[in-house]
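First up is the structure itself, then whatever we jot down about it.
The values are calculated or read from the model by the stated rules, or taken from the named source; none is laboratory data. For clarity, every value in this text was computed on a predicted model and none was experimentally measured. Backbone-built Cβ (ideal geometry, glycine too); neighbour counts: all protein chains shown.
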Amino acid sequence: MRGVDRLGWRRKFGVIAPSTNTIVQPEFDMMRVPGVTSHYGRIFIPDGRIGDDEGMEALLVQIRENLDSCVERLMTMQPDYMVMGMSAETFWDGVEGNRQFVRQIQELSGGIGVATGAEACERALHLYGARRIAVVTPYTPIGDANVHRFFTELGFDVVRVKGLCVNSAVEIAQVSERTLRESLIEVNGAEVDAIVQCGTNLCMTELADEAERWLDKPVIAINAATWWMALRENGIEDRLHGFGTLLREH
């Protein structure tokens with residue numbers, strides 16, 4: 001029988017994140033609840049240039065090459081649940097690509113549950129009853145096309161996608177609040193039921209909470225959605241303020 005962790009007495013989450021990502025960990029830490037701890041495994045990204053489609057594809061190759069060893073290291077602390085701190089891979093190749101990715105993580109981890117950004121956004125959109133959506137990403141066109149494919153295959157009408165084409169994985173964390181705010185306004189419209197933000201290294205969680213007030217519609221920041229899914233999947237119903245309606249009301 002496994003003993004109870006002194007700090008993670010409710011759940012210990014193993015979080016998988018790229019080595020270039022500096023936003024997902026502090027944003028998840030801001031949303032911590034008592035008795036739940038996060039423990040990070042970093043996927044080695046030796047070349048984080050993603051300013052064009054070739055760079056995006058090369059980044060995915062690096063993730064796939066180093067994923068197994070990352071999960072193997074995380075498993076040594078005996079996590080109760082796995083959380084994906086990256087999003088591009090979870091959207092790649094549409095719905096079946098996401099499902100296959102989840103199966104891969106479960107095979108590597110001995111079958112424990114997995115929260116992915118793509119599935120978390122799917123669940124959130126269904127919860128809100130949204131059908132027509134707009135999306136903001138840090139990606140190049142190939143990344144945006146995979147995001148569009150994922151949501152379209154689920155039956156959502158993707159009205160607009162704004163890809164920021166950030167030059168490198170590290171620079172995603174440097175995108176300004178002003179740029180993100182302007183991007184939300186640009187993709188919004190009366191016909192849009194909800195806005196989704198992809199890219200776990202974009203600092204959006206607190207801004208999305210504010211944007212829901214002045215846009216008067218759901219703005220789903222992927223880190224907030226992923227954390228929400230992880231908590232609720234594990235029966236943790238704590239309500240959190242300052243990170244959007246998902247964590248505050250659902």
## Note on the structure
When restricted to Met75, Met82, Met31, Met86, the only residue in the same structural domain as Thr245 (by TED's automatic domain parsing), over 15 Å from the mean Cα position of the chain (by Cα) and touching a residue at least 24 places away in the same chain (Cβ under 8 Å) is Met75
### Summary
The number of residues in the stretch 171-221 that are within 14 Å of Val24 (Cα to Cα), in a helix (DSSP H, G or I) and touching a strand residue (DSSP E or B) at 6+ places or on another chain (Cβ under 6 Å) is 1
### Query
Is there any pair with a first residue in the stretch 97-122 that is under 18 Å from Leu154 (Cβ atoms) and a second that is of a type in the set (Phe, Trp, Tyr) and assigned to a helix (DSSP H, G or I) whose Cβ atoms are under 7 Å apart and which are 6 or more apart or on different chains, and what are they?
Asn98/Phe91; Asn98/Phe150; Thr116/Phe101; Ala118/Phe91; Ala118/Phe150; Ala120/Trp228
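Just one of Phe91, Phe44 is touching a helix residue (DSSP H, G or I) at 6+ places or on another chain (Cβ under 6 Å) and surrounded by fewer than 15 Cβ atoms within 10 Å (Cβ to Cβ); which is it?
Phe44
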### Message
Exactly one of these conditions fails for Ile172: (1) under 20 Å from Pro218 (Cα atoms); (2) among the β-branched types (Val, Ile, Thr); (3) buried (at least 23 other Cβ atoms within 10 Å of the Cβ). Give me its number.
### Response
(1)
### Query
Does the stretch 226-236 contain any residue that is within 16 Å of the chain's Cα centre (by Cα), farther than 14 Å from Leu180 by Cβ and β-branched (Val, Ile, Thr)?
yes
### Query
Of the conditions (1) surrounded by 14 or more Cβ atoms within 10 Å (Cβ to Cβ); (2) part of a helix (DSSP H, G or I); (3) acidic (Asp, Glu), Asp5 fails just one. Which one is it?
(2)
### Query
How about the stretch 222-248: which of its residues are in contact (Cβ under 8 Å) with a residue 24 or more places away in the chain and part of a loop (DSSP other than H, G, I, E, B)?
Asn234, Ile236, Asp238, Leu240, Gly242, Phe243, Gly244
### Message
For the stretch 215-247, give me each residue that is surrounded by fewer than 23 Cβ atoms within 10 Å (Cβ to Cβ) and either of a type in the set (Gly, Ala, Ser) or at pLDDT below 95 (or both).
### Response
Gly235, Gly242
